[in-house]
Amino acid sequence: MSSSDLPPSKLGTKEHWDEVYSSELANFAEIGDEGEVWFGEDSVEKMVDWALENIPVDPAPYILEVGAGNGNLLFALCEAGYVPEKICGVDYSADAVKLAQTIGKSKAASAQSESNDTDDGAESSPLSKADKITFAACDFLQDEVPRLQGMESGVAVWDLVLDKGTFDAIALAEKDESGRSPADGYPARIGRVVKPGGYFLITSCNFTEEELKAKLANQETGLKYHSRIPWPTFSFGGHSGNVYSSVAFQKT
């Protein structure tokens, strides 16, 4: 499906996500609820497993998530052993950033408390440093991504860039006067930040694997298809498909 074929929805507006994360921020403060896991925990596990299979924890890669929301994917990568000081999540909703930062501090405090309680010489949980993950407000389509300490110069500096539902949401935004969707500029923005030899891993519910390949693997982005994450298939009306598509690309 072309991004121009998708009708605009409130899911493509910043106002909607500001309301969502304002509510989730209040809920976390009140009852400790971290909020919705976009596409479910299974999507997080699958993306983390792919990362572990393709990108070594050591030497530590620089990891960026576009549209990080409450940070659940990045916290899972931290727990899997990736260095939190080299992980960054950006979101255009300031309350999403506040929520992720607050959750990170809570996870770190809990892990440190558990480590102090056991005090048996065992290594502390990687989540004891969850608060070291950088979360920043950033409109990825327009703003430059914040730089992390120790990064080399330039823009294409990320070893792994992640998207879990963000391209889907952007594709539901209002089109401009010429009928162009904001999503049309997204692939080039992704391509410019991925390091040569680095990877972009995306999970989508609006686009098929073939559509993602067509949009993202081209000369403009410098990306080529690398691999896919399998999802259970379903059949309806003589056609088969997947609820989600997860595709990885590598920068040439």
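The values are calculated or read from the model by the stated rules, or taken from the named source; none is laboratory data. Here the structure is a predicted model, which means the values were calculated and not measured. Here the Cβ is made from the backbone with ideal geometry for all residues, glycine too, and neighbour counts use every protein chain on show. Ligands, DNA and RNA are excluded from the accessible area calculation, which covers all protein heavy atoms including side chains. Shrake-Rupley method; radii C 1.70, N 1.55, O 1.52, S 1.80 Å.
Any chance segment 179-187 includes a residue that's surrounded by 21 or more Cβ atoms within 10 Å (Cβ to Cβ) and under 22 Å from Asp49 (Cα atoms)?
So far as segment 179-187 goes, no, none of its residues is surrounded by 21 or more Cβ atoms within 10 Å (Cβ to Cβ) and under 22 Å from Asp49 (Cα atoms).
I'm trying to understand the selection: among the residues of segment 5-48, which are open to solvent by 80 Å² or more (accessible area, probe 1.4 Å) and assigned to a helix (DSSP H, G or I)?
Result: Asp5, Lys10, Lys14, Glu15, Glu19, Ala29, Glu30, Ile31, Glu41, Glu45.
Kindly indicate whether Glu53 is over 14 Å from Thr166 (Cβ atoms), out of contact with any strand residue (DSSP E or B) (no Cβ under 8 Å at 6 or more places or on another chain), in a helix (DSSP H, G or I) and open to solvent by 50 Å² or more (accessible area, probe 1.4 Å).
In short, yes.
What's the total number of residues in segment 188-224 that are open to solvent by 40 Å² or more (accessible area, probe 1.4 Å), over 23 Å from Tyr92 (Cα atoms) and in contact (Cβ under 8 Å) with a residue 40 or more places away in the chain?
Matching residues across segment 188-224 total 3.
For segment 137-155: of the residues being within 16 Å of Lys86 (Cβ to Cβ) and buried (at least 16 other Cβ atoms within 10 Å of the Cβ), which is farthest from the chain's Cα centre (by Cα)?
Leu148
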